[in-house]
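Shown next, in structure tokens, is the structure this report addresses.
The values are calculated or read from the model by the stated rules, or taken from the named source; none is laboratory data. Owing to the predicted nature of the structure, the values given are computational and were not obtained by experimental measurement. Ideal geometry is used to build each Cβ from the backbone, glycine not excepted, and the neighbour counts take in all protein chains shown. Accessible surface areas use protein heavy atoms only, side chains included; no ligands, DNA or RNA. Shrake-Rupley method; radii C 1.70, N 1.55, O 1.52, S 1.80 Å.
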Amino acid sequence: MRKIAFPPALLVFFLLLIGCSDSNHEQLFDSSKLPKKSIEEVEHIIEAFIMAEDSSVIEIPEGFYELNTQLILDNKSNVTIKGAGMMKTVLSFRGLKTGGEGVKIVGNNIKIEDLTIEDAPGDGIKAQHTDGIVFRKINVTWTNGDKSKNGTYGIYPVQCKNVVIDDCVASHSKDAGIYVGQSENIIVKNSLAFGNVAGIEIENSDNAEVFNNVARNNSGGILVFNLPGLPKSDGKGTKIYNNQILENNHKNFATPIGEGPNGNTVTMIPPGSGIVLLAAKDVEVFGNKILRNKTAGIAIASYQITGFPTDAPNWSPYTSNIYVHDNEYDRSKGFPDLTRELGQLVSLYNAHGKAKTQDIIYDGFWDQNLSKTIENNPMKICIDEAKMSELFFTLFDLSGGKEEVKSSKNYQPFTNCTVSVATDISVIQSL
């Protein structure tokens with residue numbers, strides 16, 4: 001399916017109404033007040049990473065460390081990297097001219113805790129091919145004025161097993177503040193993500209629980225994506241619960257990286273997106289406060305909505321087996337976004353009237369090999385919210401293309417079912 005374009009006259013009218021989205025530069029604390037470490041003290045930390053042995057502890061004392069090289073821990077086991085506290089130990093990579101990540105980790109049973117990472121040219125901290133990785137009390141941020149020049153991911157474990165992200169803060173990344181990709185056995189808890197394009201994202205991953213977090217003032221709060229063409233195809237089994245997903249209305253400052261599949265899919269996220277499920281499988285969303293996200297509280301979408309190709313081996317573009325229940329909603333923030341096509345779809349064609357924020361939307365794509373009609377709920381999208389009749393729900397029908405967008409308030413086909421989503425994080429709770 002091609003991307004849907006909307007009438008320019010209507011776009012201009014509503015853009016004048018909503019103005020520009022916030023472009024916040026909030027910082028957790030002022031790192032410039034910390035004592036700057038000497039060249040010798042910085043070199044000592046670089047050497048500690050290079051010379052680290054298995055079962056060692058790398059201590060990074062209080063202070064502001066200005067680095068012009070990456071810190072790499074390569075193929076080590078049972079290593080702890082420990083600062084004096086996220087507001088006391090700062091690793092600044094503003095002077096880094098080569099390499100992408102500020103800190104890169106490959107190994108087994110690695111812990112990094114109690115420090116801040118600032119201004120990496122690429123990702124703040126990346127762990128790859130690591131079995132057992134714990135990020136605890138880590139703050140990753142960018143302090144640039146032009147946020148489009150910020151790094152891509154803040155905290156970024158990819159192709160990992162047994163991942164714990166606990167009591168962390170991530171802000172101002174031009175993709176996801178906290179991103180877990182192509183991994184399995186995942187906990188993201190007690191953390192804060194703000195000022196990013198995506199606050200927290202679980203992508204092509206299995207067995208994840210995301211709970212007791214705050215995602216605020218991002219473009220999108222919490223995302224579960226499955227993208228085509230990656231080494232690990234469909235992920236499944238994610239629970240999102242007891243989170244505060246608040247006012248995620250920040251301007252989307254992500255930059256496209258191509259026109260092919262995964263041409264930076266996060267660029268499509270409209271400001272005002274609370275939770276976005278894209279080609280997601282086996283997801284349960286419950287007990288969350290989803291408040292004042294101006295476009296949609298929860299968006300359930302298949303990959304067709306992106307306009308990118310949907311053919312890939314061992315992968316399905318459809319979102320399926322979703323159970324949404326017992327969440328709290330508040331749609332009182334303002335007008336839906338019109339700077340992204342999905343936002344335009346919501347604002348102009350929802351079933352409740354133009355420029356109406358929606359609590360839950362479903363793009364209405366389904367696998368027609370399973371059913372000839374969506375009324376049978378072939379993708380098992382199950383919604384069980386209190387006072388459902390008072391929520392703004394829209395089911396879209398995009399089968400007629402951009403000339404015949406239809407929508408319906410009918411949520412009944414999706415309310416008489418439940419889905420059992422199985423996750424097991426017992427193997428990593430003790431990390």
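A few comments on the model shown:
- Residue of Asn293, Asn162, Asn196 that the Gaussian network model of the chain assigns the largest fluctuation, springs spanning Cα pairs under 10 Å: Asn162
- Prolate/oblate/rounded label for region 224-426 (Cα gyration tensor, a/c 1.5): rounded
- Under 14 Å of direct C-alpha separation, and excluding same-chain neighbours fewer than eight residues apart, Lys161 reaches these aspartates and glutamates: Asp131, Glu184, Glu203, Asp206, Glu209, Asp424.
- Summary value for the chain: 11 percent relative contact order, contacts being C-alpha pairs under 8 angstrom separated by 6+ residues.
- Sparsely packed GluC sites (Glu not before Pro) within region 32-128, loop by DSSP, other Cβ within 10 Å at most 13: Glu53
- Sites Lys33 and Glu59 - FRET efficiency at Förster radius 30 Å, r taken between beta-carbons, to 0.05: 0.85
- Cut-off 10 Å between beta-carbons: net charge of the residues surrounding Asp330, Lys and Arg +1, Asp and Glu -1: +1
- Separation between Cα centres of region 201-272 and region 26-92, rounded to whole Å: 29 Å
- Around His44: net Lys/Arg minus Asp/Glu count, Cβ-Cβ under 12 Å: -4
- Placing a pseudo-label 7 Å from each Cα along the Cα-to-Cβ vector at Asn376 and His352 gives an inter-label distance of 3.1 nm.
- The Cα center of region 144-172 and the Cα center of region 364-431 differ in position by 30 Å.
- Taking a ≥ b ≥ c as the square roots of the eigenvalues of the alpha-carbon gyration tensor, region 39-143 is classed rounded because a/c is under 1.5.
- When nucleic acids and ligands are ignored and a 1.4 Å probe is applied, Trp315 ends up with an accessible area of around 30 Å².
- Cut-off 19 Å, label 7 Å out along Cα→Cβ of Ser399, residues of region 373-389 by amide N: 373-381
- Gain upon complete extension [Thr418, His129; 0.36 nm per residue less C-alpha separation]: 100.5 nm
- Among the listed pairs Lys174/Lys356; Lys82/Lys126; Lys149/Lys236; Lys36/Lys137; Lys281/Lys387, a Cα-Cα separation exceeding 24 Å is found for Lys174/Lys356; Lys149/Lys236; Lys281/Lys387.
- Three-way shape call for region 163-261 based on the alpha-carbon gyration tensor, with the a/c threshold at 1.5: oblate
- Within-12-Å neighbourhood charge of Gln244 [Cβ basis; K, R +1; D, E -1]: 0
- Percent of beta bridges antiparallel (DSSP, the chain, rounded to nearest 5): 5 percent
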